[in-house]
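Okay, structure first, notes after.
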């Protein structure tokens, strides 16, 4: 009995500080969301939409800080090495699921050192071109590649899902595409809108505003079904490549060292934010299908993405540029 009493006291001593910590959050200091890509891209924009709502919801300042490089690795590492106290999170993109298979020396274990707080949502990617381009349809792009012309496309960076999806498409169809990596969605769109890069492969969220302003022409989406916001744009699958699908996604991560009570609280707050009609409308209007849900759901999804793209990279011998 004495031994059990000591064990109970020891457990209580460990749990009490964690509970106090969770109860005090977020009054101690401002909360930081590290956006792992530059300003102007979808990661930055999604982070800022959530931050504004969370700030009002929590009664605490929530700021977005851009830390870029390594297809999201630099920003994620900055979060992982910060104090695991719930005041520093990371907003990541689908590159998070690709990086482990393309980057030889990762500074963290994506499955063990990080905990997904929530899967924000998924979206089709959109292959688009400048409105004055020679490419009037996706068929024109395929025809140019078959004629062995130089068909260049830009993405948010080496190892991005846009990069891999085009590499996979080219591999499966015996076509050659020339990849031009940019350092995020903002720089990519600047050059795409100006016509400096012939094709862009980015999320609907990133590209649609420029389609709406008539500066970009949409050619095809990477989802299994057409995007409701762009019903006239065909999928790559229906345009002659059956079974092709490559969705983009966004998630919020924390260090795996974060106390469980804080992880639970942050998940609850983020789910509440996604249920906010104003937030939901902003994200859905840009082609994002909201996900939300439990930490376990987010972890299962992300772990599956890591495994899926590792196989694609391995089977197709895809290399980072």
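Just to check your reading of the model, which residue among 305, 284 is more than 23 Å from residue 164 (Cα to Cα) and either assigned to a strand (DSSP E or B) or within 16 Å of the chain's Cα centre (by Cα) (or both)? Sole residue among the options that is more than 23 Å from residue 164 (Cα to Cα) and either assigned to a strand (DSSP E or B) or within 16 Å of the chain's Cα centre (by Cα) (or both): 284. Exactly one residue among 130, 163 is surrounded by fewer than 24 Cβ atoms within 10 Å (Cβ to Cβ) and either in contact with a strand residue (DSSP E or B) (Cβ under 8 Å, 6 or more places away or on another chain) or at pLDDT 95 or above (or both), and that residue is 130.
How many residues are outside any strand (DSSP E or B) and closer than 15 Å to residue 221 by Cα if we restrict to the stretch 141-167? Lay out the reasoning, then the answer.
Taking the stretch 141-167 as the starting set, the residues that turn out to be outside any strand (DSSP E or B) are 141-151, 156-167.
Among the residues that remain, those that are also closer than 15 Å to residue 221 by Cα are: 141-142, 161-166.
The total comes to 8.
Of all residues assigned to the stretch 151-165, none qualifies as being more than 15 Å from residue 127 (Cα to Cα) and more than 16 Å from the chain's Cα centre (by Cα).
Could you check, for the stretch 131-139, whether at least one of its residues is touching a helix residue (DSSP H, G or I) at 6+ places or on another chain (Cβ under 8 Å) and closer than 28 Å to residue 96 by Cβ?
Of the stretch 131-139, the ones touching a helix residue (DSSP H, G or I) at 6+ places or on another chain (Cβ under 8 Å) are 134-135.
Retained after the next criterion (residues that are closer than 28 Å to residue 96 by Cβ): none.
No, the stretch 131-139 contains no residue that is touching a helix residue (DSSP H, G or I) at 6+ places or on another chain (Cβ under 8 Å) and closer than 28 Å to residue 96 by Cβ.
Select from the stretch 69-84 the residues that are surrounded by fewer than 20 Cβ atoms within 10 Å (Cβ to Cβ) and modelled with pLDDT of 95 or more and write down the one among them that is farthest from residue 257 (Cα to Cα). Walk me through how you get there before you give the answer.
First, the residues of the stretch 69-84 that are surrounded by fewer than 20 Cβ atoms within 10 Å (Cβ to Cβ): 69-70, 74, 78, 81-84.
Next cut, modelled with pLDDT of 95 or more only: 74, 78, 81-84.
Details: 74: 19, 78: 14, 81: 10, 82: 10, 83: 9, 84: 6 Å.
Ranking the qualifying residues of the stretch 69-84, first place goes to 74.
Residue check: is residue 91 part of a strand (DSSP E or B), more than 23 Å from residue 180 (Cβ to Cβ) and in contact with a helix residue (DSSP H, G or I) (Cβ under 8 Å, 6 or more places away or on another chain)? In short, yes.
Scanning the stretch 213-230 for residues that are at pLDDT 95 or above and over 12 Å from residue 127 (Cα atoms) turns up 213, 214, 215.
The values are calculated or read from the model by the stated rules, or taken from the named source; none is laboratory data. Since the structure is predicted, the reported quantities are computational estimates derived from the model, not experimental observations. Quick reminder, even Gly has a Cβ in these numbers, built from the backbone with ideal geometry, and neighbours come from all protein chains shown.
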